Amino acid sequence: MARIDLDRAAGMLAAAEEDVLIVTHVRPDGDTAGSGCALCLGLRALGKRAYLAANPPSMARYDKYMTPYFAPAGSVPGFIAAVDTPGPAQFPPGWAHLAERTDLAVDHHGTNSGYARHTYLEADSAATGELVYLLLERLGVSLTADMAEALYAALATDTNCFRTPGTTGRTLRIAAALRDAGFDAAGLTRRLFETRSAARLRLESALFGAMRFPRPGVCVMVLPLRTVLDAGAGEDDMDKLSTLATVPEGTRAGLLLRQLPEGTWKVSLRTDGSVHAGHILTVLGGGGHADAAGAVTALPPDQIEAVVLENLGRAGL
């Protein structure tokens with residue numbers, strides 16, 4: 001991997017003369033969906049042919065930022081960029097073979113594996129959407145309302161509506177600039193953060209009713225697949241469920257274990273930043289940021305909890 005700065009990354013995108021394919025990570029969230037959409041629209045504004053690699057959104061709320069921009073069947077990319085995708089394991093089904101051919105990765109995950117030929121990485125950025133905003137600015141792209149909405153969704157979702165410890169002054173200044181581009185920010189905030197389906201409320205009730213505190217400052221929530229099915233919940237109802245584990249007063253680390261349809265468990269760890277969540281979950285093959293990390297494992301929930309608690313203890317919690 002060659003680590004490059006903003007100017008060189010922008011220069012690579014400006015010089016790309018053939019079709020640009022933008023890869024987003026598997027089970028796309030708001031940051032990868034919004035970042036990919038905005039970069040695609042920005043490159044098109046420069047007269048380039050740009051598309052997203054087909055990656056069906058796991059949550060309906062992000063569909064508008066993805067499906068309309070999927071590459072047509074049979075298209076052959078000349079330049080491949082990946083956004084918010086830290087390693088080949090996070091490439092969507094059918095696209096993993098592109099990892100070693102990726103020309104540019106734009107990412108804010110400190111655990112990025114260095115798979116791309118060139119990587120523009122700022123691990124202290126609150127969201128990859130920040131970096132895409134800076135790239136579009138450096139490329140001289142005039143923000144449209146659609147670009148701004150996609151990037152605002154990226155920032156707002158990855159910062160839990162600008163409340164995570166990683167939110168900086170730059171994050172807020174970029175959010176203000178995006179807001180001024182003319183999209184309905186209030187409506188977007190309501191859609192992403194304030195409205196909940198009845199199924200989502202049933203899930204929250206089940207999680208809060210069964211939460212445990214195995215040691216001071218640590219909250220554990222377990223969500224079996226049976227509970228999800230009984231609630232009538234879909235993937236859209238799962239968005240930001242992991243933040244619930246940090247709601248109880250005094251919680252420094254919140255662990256959510258969610259059983260996936262194939263029987264494996266999605267591990268989400270949120271912390272107050274005093275212990276590095278990404279480092280804690282590397283033992284499970286995962287990773288992430290200081291205050292938020294994830295992994296997927298076939299281990300049973302009691303073993304997952306034991307492993308995470310052991311590593312939290314080693315980190316001083």
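Each reported figure results from applying straightforward, stated rules to the coordinates on display, with no laboratory input. These numbers were taken from a predicted model, which means no experiment stands behind them. Backbone-built Cβ (ideal geometry, glycine too); neighbour counts: all protein chains shown.
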**Asked** Which residue, Ala154, Ala73, Ala306, has the most motion in a Gaussian network model of the chain that connects Cα atoms within less than 10 Å?
**Response** Ala73
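Could you pull out the chymotrypsin sites (Phe, Trp or Tyr not before Pro) across region 179-222 that fall in loop regions by DSSP (anything but H, G, I, E, B) with no more than 14 other Cβ atoms inside 10 Å?
Answer in residue order: no site qualifies.
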**Message:** Order these by the 10 Å Cβ neighbour count, fewest first: Val283, Val228.
**Reply:** Val283, Val228
**Prompt:** trypsin sites (Lys or Arg not before Pro) within region 137-219: which are DSSP loop residues with at most 16 other Cβ atoms inside 10 Å?
**Reply:** Arg163, Arg196
**Fill in**
At R0 = 45 Å the Cβ-Cβ FRET efficiency linking Lys64 and Arg212, nearest 0.05, sits at 0.75
**Message:** Show me, bin by bin at 10 Å from 0, the whole-percent P(r) of region 144-218 based on Cα pairs.
**Reply:** 17, 36, 26, 18, 4
**Prompt:** Dipole size in debye (nearest 20) for the chain around its Cα centre, Lys and Arg Cβ +1, Asp and Glu Cβ -1?
**Reply:** 360 debye
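Taking the number of other C-beta atoms within 10 Å as the exposure measure, put Cys161, Cys40, Cys219 in order starting with the fewest. If you can, show how the numbers build up before the last one.
Numbers: Cys161 15, Cys40 27, Cys219 22.
Going from least to most buried by this count: Cys161, Cys219, Cys40.
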**Request:** Exposed loop GluC sites (Glu not before Pro) only (DSSP loop, at most 14 other Cβ atoms within 10 Å): please give the longest stretch of the chain free of them, not including the sites.
**Result:** 19-248
**Prompt:** Expressed as a whole number of Å, what is the distance separating the alpha-carbon centroids of region 164-189 and region 56-123?
**Reply:** 24 Å
**Reachable lysines, given that their alpha-carbon falls under 20 Å from the alpha-carbon of Lys240 and they are not under 8 places away in the same chain** = Lys64, Lys266
**Asked** With a 10 Å Cβ neighbour count serving as the proxy for reagent exposure, in which order, fewest first, do Ile4, Ile280 appear?
**Response** Ile4, Ile280
**Message:** With a 10 Å cut-off between alpha carbons and a GNM built on the chain, which of Ala105, Ala293, Ala45 moves the most?
**Reply:** Ala45
**Request:** Find which of Thr119, Ser242, Phe91 sits farthest along the positive direction of the dipole of the chain, computed with +1 on the beta-carbon of Lys and Arg, -1 on that of Asp and Glu, about the Cα centre.
**Result:** Ser242
